[in-house]
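None of the figures in this text is laboratory data; all of them are computed from the coordinates on show. Computed from a prediction, not measured in an experiment: that's the story for all the values here. Because the Cβ atoms are built from the backbone with ideal geometry, glycine has one as well, and the counts that use them run over all protein chains shown.
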Amino acid sequence: MMRTIKTISDHTYYTGSLPEGCKYCLEGSKLVLFITGLCPNPSFCNWYCPLSSKRKGVDDIYVNDINVTKDEDIIKEANLMEAKGAGFTGGDPLVKFDRTIKYIKLLKKEFGSKFHIHLYTTASVIEDEEKFNELDKAGLDEIRFHPNPSEWHKIKWALNTKMDVGAEVPVLPGRYKELLEFIRYLEDLKKVTFINLNELEICDANAEKLKERNYQIRDLSTVKGSHELAFRILKEVRDGYKINTHYCSAYVKGGVQLKNRMKRRAKNVKADYEEISDEGLFIKGVIIDQEQNNDVDLANFITVLEEKFNIPKEFIFYQESKNRIEIHKDYISKVADFARDKGLLCGIVEEWSGKNRFDVTFNPC
């Protein structure tokens, strides 16, 4: 019986079944743990790697977008977003093997055996089967390979563990034969359960090198031909292979995964005067002393507004770090004329809801 190509939200496509880790990612319940920016084989993939210069080649740890300085940072962020699992990424997490083992054990101890952990690796630093046994014993649930062709054989070493073994690779236009050859290799191994195909993204970090290789931009963030090749591969797999194959578009990473993760976190950190947008951003009114020379003391002006407009204290706040008043959006129109008469700027902002807050949009009112 011929398999079908299924879709979720018209942006992620698969034949067979989705990898377990992807199910959590799509609902935004996967913590992203960036183990290190170090890569063991940069000549293999550096030219299309989308990592920023801040992270690429730098041995720093991040949980979501937060720099990790202590183990508690990871646990706190997992709780704030009500994480059901974690994805270990980099660089290559296995460059820092002991660190990776430590964090797998930490998360399993804190959240239990059902907390699903997957990991991406080139496996270039792995020299024998024992390392995969250690990952398995620590509690890793799923491993995703992106190996250099000369190291495909290392995938076999992971097949004797309890881990789900798969692959995850970018779809490089013009590499149809190479990609299909890799899929045939995985199929022949029998026990490899999936391959994820990622749409090739273009960004400041890789744009110049992609253009040097005559890759063209499809839209603001993707490379022309990657999407089309992914569908060609999906159809090939549907018609002649058994391996589960999942195509994850660039839109899914930002428009689905990130958005859903932000919404999960936002509801646990929002103030009473903040609302959450469909994109996971905070919406609120702001009152700003734009000229920074106004006679109005914003910290004290709150009391004036509370009394004059009968605003509950939980719906208005002086944000010292930004030197502005933040107020529930339903009240900003009521106080705008009065505040403008004092020389103040009023508007509604959409603010990033991660730890590092910044305004995404501002609309004056």
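Taking a point 7 Å out from the Cα of E20 in the direction of its Cβ, the residues of region 75-110 whose backbone N falls within less than 14 Å of it are 84-87, 108. Taking only the Cα atoms of region 238-316, the radius of gyration and Dmax are 22.1, 74 Å. Quick one: helix 329-341 against the long Cα principal axis of the chain, what's the angle to the nearest 10°, folded into 0 to 90? Computed tilt is about 50 degrees.
The translational diffusion coefficient of region 6-266, from Stokes-Einstein at 25 °C and 0.890 mPa s with a Kirkwood hydrodynamic radius over alpha carbon pairs, comes to 132 µm²/s. The Q216 and N67 beta-carbon pair, evaluated with R₀ = 35 Å, returns a calculated FRET efficiency of approximately 0.50.
Dividing the mean sequence gap of close Cα pairs (under 8 Å, 6+ apart) by how many residues the chain holds gives a relative contact order of 16 percent. Computed 3J(HN,Hα) for region 233-250, one whole-Hz value per residue from the Karplus formula 6.51 cos²θ - 1.76 cosθ + 1.60 where θ = phi - 60°, is 5, 4, 5, 4, 5, 4, 8, x, 9, 9, 5, 5, 10, 10, 9, 10, 6, 4, glycine and proline marked x.
Seen from every direction in turn and averaged, the convex hull around the alpha carbons of region 1-64 projects onto 6.7 nm².
Pairwise alpha-carbon distances in region 115-205 exceed 21 Å for 31% of all pairs. Here the scattering of region 272-364 is modelled by Debye summation over its C-alpha atoms, one equal scatterer each and no solvent; at q = 0.10, 0.14, 0.19 Å⁻¹ the log10 of I(q)/I(0) is -0.23, -0.45, -0.84.
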